[in-house]
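Engineer: Could you have a look at this structure, given as structure tokens, before my questions?
The values are calculated or read from the model by the stated rules, or taken from the named source; none is laboratory data. All values derive from a computational prediction rather than experimental measurement. Cβ atoms come from the backbone with ideal geometry, glycine included; neighbour counts cover every protein chain shown.
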Amino acid sequence: MTPSLEARIENAMAALHERSPAATLWMALSGGRDSTCLLLLAARAVRRYPDITLHAIHVHHGLQPAAEAFVESARRACKQLGVALRVERVTPEGDDGLEARARRARYAVFEALLAPGDTLWMAHHQNDQAETLLYRLMRGSGVRGLAGMPAHRALGAGRLERPLLQAAREEIDACLADEPIAWCDDPTNDDDHQDRNYLRHRVMTPLKTRWPAAAEQMARSADHLREVDALLQALAAMDLAALGGAPDRLPREPLCALSRPRQRLVMTTAIEQLGLASPPRGRLETLLDQLARAGVDRQVHIDWPGGQARLWRDTLFLMVENDVAAPDHAWSMTWDGQAPIATPLGVIGDQIRPPAGEKPALTLAPRAGGEKLQVRGQRRTLKKLLQEQAIPPWQRDRIVVVWHDSDPVGVLGPLRLAADGWTLEARPDDSGRIDDKC
């Protein structure tokens with residue numbers, strides 16, 4: 001038997017209370033039909049859990065004349081139900097579509113809002129899930145995209161939940177039919193120039209005429225695809241572990257020994273774990289093709305917006321795209337060895353302490369070549385130390401040398417090292433590295 005909306009919300013509230021008895025629950029409230037229904041049901045269910053604090057959050061995008069009407073609708077509903085409301089005004093930015101910019105701004109508010117242990121409820125339902133699947137299908141999404149919206153996931157420091165995701169829009173309409181609470185219909189919902197509205201009116205409506213359970217079946221397919229995605233992620237984790245477990249450096253030969261689909265899978269998983277932007281499919285295929293013939297062509301270097309891959313010593317390095325070239329001029333600056341300092345190669349947050357009795361007046365300069373450092377009783381060339389520590393060539397021109405009088409006493413950047421008698425350590429706030437520019 002299909003649970004009622006009230007039962008769905010009661011179950012979700014009970015699960016929240018069991019997980020965190022004194023939780024803070026936020027409602028994403030647009031002022032429209034769906035979110036108002038969720039707010040109504042949540043406000044009733046939370047009465048049985050006095051330790052749970054219920055708030056509503058409305059994001060004002062300012063993208064249409066009706067934006068103020070939505071704020072007022074949200075305020076009226078919250079006042080009627082005795083729920084505290086927070087209104088955040090944003091200015092969506094970017095060069096992509098209006099819907100994407102609004103969504104990005106909205107989720108940025110939510111992420112900043114949630115404290116550890118907080119939960120945000122959103123009113124997406126079964127029909128929204130079906131439209132999401134269709135939308136992503138038209139964009140050529142893979143398994144993860146076609147899996148649609150998850151019922152719950154991490155969001156910022158908190159958690160996002162969609163307790164109505166298995167409910168049909170018709171159930172929401174029936175729930176509100178006899179309720180003395182008002183909502184505000186979005187006038188742009190009828191504008192089928194927007195992709196989602198086009199799918200809703202021009203695609204879903206005819207589909208449901210022919211197949212009345214279309215939304216339910218499509219949502220079910222999304223559930224199946226989510227299971228497939230979970231299995232693929234488990235396989236990728238196994239392959240990544242077999243490749244050494246470090247997502248930023250993958251051994252070429254074992255990687256190329258995998259089938260091409262598994263190569264793609266482990267690569268996209270490693271890139272995701274590193275927080276890099278996903279490369280276009282064509283760039284990824286080019287990279288894998290170059291790796292396959294790297295026995296002849298050793299120069300493998302592929303860039304894409306937000307990331308890059310380089311092959312060195314038969315290891316593939318994945319990293320942030322370095323859009324700040326090393327300066328082509330000599331520079332130097334004085335440093336006390338303690339305070340963070342901005343250099344042409346990035347901000348240094350490390351601390352270096354001299355031996356007892358030494359004066360800490362130091363000079364920072366880029367590596368010039370020929371430097372020697374007293375390490376473990378021997379004077380070693382910096383070039384040799386870089387080779388021994390397997391610092392890739394493209395990182396070696398981002399080395400900062402710490403000088404005391406005419407002697408190098410430390411190295412910062414991709415290699416962090418102090419000369420005998422000197423102590424190098426990260427600052428107490430653990431920011432002690434040259435930043436990502438290096």
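Engineer: Considering only residues of region 339-378 that are in contact with a strand residue (DSSP E or B) (Cβ under 9 Å, 6 or more places away or on another chain) and polar (S, T, N, Q), which is surrounded by the fewest Cβ atoms within 10 Å (Cβ to Cβ)?
Structural biologist: Applying the filter and picking the extreme gives Thr363.
Okay, residues lined up against (1) farther than 23 Å from Trp312 by Cα; (2) exposed (fewer than 14 other Cβ atoms within 10 Å of the Cβ); (3) not assigned by TED's automatic domain parsing to the domain that holds Gly148:
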site: Ile181; (1), (2), (3): yes, no, no
site: Pro187; (1), (2), (3): yes, yes, no
site: Arg200; (1), (2), (3): yes, no, no
site: Ala257; (1), (2), (3): no, yes, yes
site: Gln263; (1), (2), (3): no, no, yes
site: Gly282; (1), (2), (3): no, yes, yes
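Engineer: Being among the acidic types (Asp, Glu) and buried (at least 18 other Cβ atoms within 10 Å of the Cβ) is the filter here, so list the residues in region 121-170 that pass it.
Structural biologist: Let us first name the residues in region 121-170 that are among the acidic types (Asp, Glu), namely 128, 131, 161, 170.
Scanning region 121-170 gives Asp128, Glu131, Glu161.
Engineer: Here's another thing I want to ask about it. Which of the residues belonging to region 265-280 are surrounded by fewer than 18 Cβ atoms within 10 Å (Cβ to Cβ), touching a strand residue (DSSP E or B) at 6+ places or on another chain (Cβ under 9 Å) and of a type in the set (Gly, Ala, Ser)?
Structural biologist: Residues satisfying the conditions are Ala277, Ser278.
Engineer: Looking at (1) polar (S, T, N, Q); (2) part of a helix (DSSP H, G or I); (3) surrounded by 13 or more Cβ atoms within 10 Å (Cβ to Cβ), can you tell me which one Thr205 breaks?
Structural biologist: (3)
Engineer: Which residue pairs have Cβ atoms under 8 Å apart, sit 6 or more places apart or on different chains, and have a first residue in region 58-76 that is on the phi < 0 side of the Ramachandran plot and a second that is assigned to a loop (DSSP other than H, G, I, E, B) and aromatic (Phe, Trp, Tyr)?
Structural biologist: If the second residue must be assigned to a loop (DSSP other than H, G, I, E, B) and aromatic (Phe, Trp, Tyr), the pairs left are Ser73/Trp183.
Engineer: OK, next. Can you report the number of residues in region 1-28 which are in contact with a strand residue (DSSP E or B) (Cβ under 7 Å, 6 or more places away or on another chain) and either small (Gly, Ala, Ser) or farther than 24 Å from Pro116 by Cβ (or both)?
Structural biologist: At the first step, the residues of region 1-28 found to be in contact with a strand residue (DSSP E or B) (Cβ under 7 Å, 6 or more places away or on another chain) are 12, 16, 23-28.
Now narrow it down to the ones that are either small (Gly, Ala, Ser) or farther than 24 Å from Pro116 by Cβ (or both): 12, 23, 28.
Looking only at that region, the number is 3.
Engineer: Of Ala112, Ala102, which residue is of a type in the set (A, V, I, L, M), in contact (Cβ under 8 Å) with a residue 40 or more places away in the chain and either surrounded by 14 or more Cβ atoms within 10 Å (Cβ to Cβ) or closer than 26 Å to His193 by Cβ (or both)?
Structural biologist: Values: Ala112 fails: either surrounded by 14 or more Cβ atoms within 10 Å (Cβ to Cβ) or closer than 26 Å to His193 by Cβ (or both).
After ruling out the rest, the residue left standing is Ala102.
Engineer: Of all residues in region 279-288, how many are closer than 11 Å to Arg264 by Cβ, free of Cβ contacts under 8 Å to residues at least 24 places away in the same chain and not aliphatic (A, V, I, L, M)?
Structural biologist: 2
Engineer: Go through Leu41, Leu5 for me and flag whichever is of a type in the set (A, V, I, L, M), surrounded by 14 or more Cβ atoms within 10 Å (Cβ to Cβ) and modelled with pLDDT of 95 or more.
Structural biologist: On the way: Leu5 fails: modelled with pLDDT of 95 or more.
Exactly one of Leu41, Leu5 is of a type in the set (A, V, I, L, M), surrounded by 14 or more Cβ atoms within 10 Å (Cβ to Cβ) and modelled with pLDDT of 95 or more, namely Leu41.
Engineer: I'm told Gln299 meets every condition in (1) in the same structural domain as Pro392 (by TED's automatic domain parsing); (2) modelled with pLDDT under 90 except one. Can you identify the failing condition by its number?
Structural biologist: Failed condition: (1).
Engineer: So, of the residues in region 400-418 that are charged (D, E, K, R) and either on the phi < 0 side of the Ramachandran plot or touching a Cys at 6+ places or on another chain (Cβ under 9 Å) (or both), which turns out to be surrounded by the fewest Cβ atoms within 10 Å (Cβ to Cβ)? Break it down stepwise before answering.
Structural biologist: Here is the first cut: in region 400-418, the residues charged (D, E, K, R) are 405, 407, 416.
With either on the phi < 0 side of the Ramachandran plot or touching a Cys at 6+ places or on another chain (Cβ under 9 Å) (or both) added as a condition, the list becomes 407, 416.
Details: Asp407: 13, Arg416: 17.
Only one residue tops the list, namely Asp407.
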